[in-house]
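Worksheet: one structure, shown below.
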Amino acid sequence: MTTRFLRAAAIAGTAALVALGVAGVERAHAACGVDTPRADMTYEDAQDVWECLKDDLYAGYNKGPKRWIPAAFVKDYRDWRMASTLPADPGVHSGRYLLTYVNDAGYDAYTEFKDDGTAAIPAGAVIAKESFSISDAGEVSKGPLFFMQKVEAGTSPKTDDWYYMMVNPNGAPAAVNVYTACNECHMAFAHQGGLGYPVPEVRVGQ
């Protein structure tokens with residue numbers, strides 16, 4: 001899986017960014033639109049949108065073959081523990097609202113939410129982030145499902161031993177360039193072990 005994933009990412013090059021910015025968005029989901037201007041929305045309002053979208057999101061992500069992405073991640077992530085209590089826009093991932101899940105291998109370490117350079121996520125940890133967008137006019141669109149997988153030390157030194165994966169809302173795996181579309185952004189969080197946490201107000205246990 002390692003070699004195939006990284007090779008696909010390298011071949012994708014600039015075209016991969018199109019997958020992240022365009023193919024990673026599904027047309028507006030009119031049934032879940034909102035009347036409240038986005039700037040006035042609360043996290044509880046965003047939760048209402050997610051409740052409307054959640055079944056379609058999960059079904060869409062699970063359509064079709066996953067190729068280099070472990071299908072079990074996509075099938076099982078809803079059974080992992082949630083690290084965020086409500087969807088929120090942390091200002092990354094193109095302004096999408098995110099809801100975060102972590103598998104058992106990584107949950108305890110991740111939910112310490114360390115920001116002092118001591119975050120130590122064990123190999124085998126996998127983080128999943130569902131996403132959706134709400135426009136200023138209240139139009140709702142389904143977004144990609146993002147994964148980060150921590151692998152054994154030295155396996156992928158260029159990405160600090162993280163694998164990045166993305167599934168489009170129609171279930172198609174996105175061949176993103178993980179170095180320019182994922183790793184460069186996450187290295188801005190190097191003091192947190194490359195982790196972009198949920199905003200403080202929606203972190204579990206906060």
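Within the stretch 87-106, if we keep just the residues that are in contact (Cβ under 8 Å) with a residue 12 or more places away in the chain and surrounded by fewer than 19 Cβ atoms within 10 Å (Cβ to Cβ), the residue that is farthest from Tyr43 (Cα to Cα) turns out to be Ala105. Looking at this structure, is Ala123 part of a loop (DSSP other than H, G, I, E, B), more than 17 Å from Gly196 (Cα to Cα), at pLDDT below 95 and not β-branched (Val, Ile, Thr)? Considered against the rule, which asks whether it is part of a loop (DSSP other than H, G, I, E, B), more than 17 Å from Gly196 (Cα to Cα), at pLDDT below 95 and not β-branched (Val, Ile, Thr), Ala123 comes out as no. Pairs are defined by a Cβ separation below 8 Å, a sequence spacing of at least 6 or placement on different chains, a first member in the stretch 179-203 that is assigned to a loop (DSSP other than H, G, I, E, B) and of a type in the set (Ser, Thr, Tyr), and a second member that is loosely packed, with under 15 Cβ neighbours inside 10 Å and modelled with pLDDT under 95; the pairs so defined are Tyr197/Asp115.
Taken over the stretch 126-162, the residue count meeting the criterion of being part of a loop (DSSP other than H, G, I, E, B) and of a type in the set (A, V, I, L, M, F, W, C) is 3.
Just so you know, in the stretch 107-120 the residues that are in a loop (DSSP other than H, G, I, E, B) and hydroxyl-bearing (Ser, Thr, Tyr) include one that is surrounded by the fewest Cβ atoms within 10 Å (Cβ to Cβ), and it is Thr118. All told, Asp89 meets the bar of being among the charged types (D, E, K, R), under 21 Å from Asp48 (Cα atoms) and under 13 Å from the mean Cα position of the chain (by Cα). Scanning the stretch 50-60 turns up no residue that is more than 16 Å from the chain's Cα centre (by Cα), surrounded by fewer than 15 Cβ atoms within 10 Å (Cβ to Cβ), within 22 Å of Tyr197 (Cβ to Cβ) and of a type in the set (D, E, K, R).
The values are calculated or read from the model by the stated rules, or taken from the named source; none is laboratory data. Just so it is clear, the structure is predicted and the values come from calculations on it, not from any experiment. Counting neighbours? That spans all protein chains shown, and the Cβs are built from the backbone with ideal geometry, glycine included.
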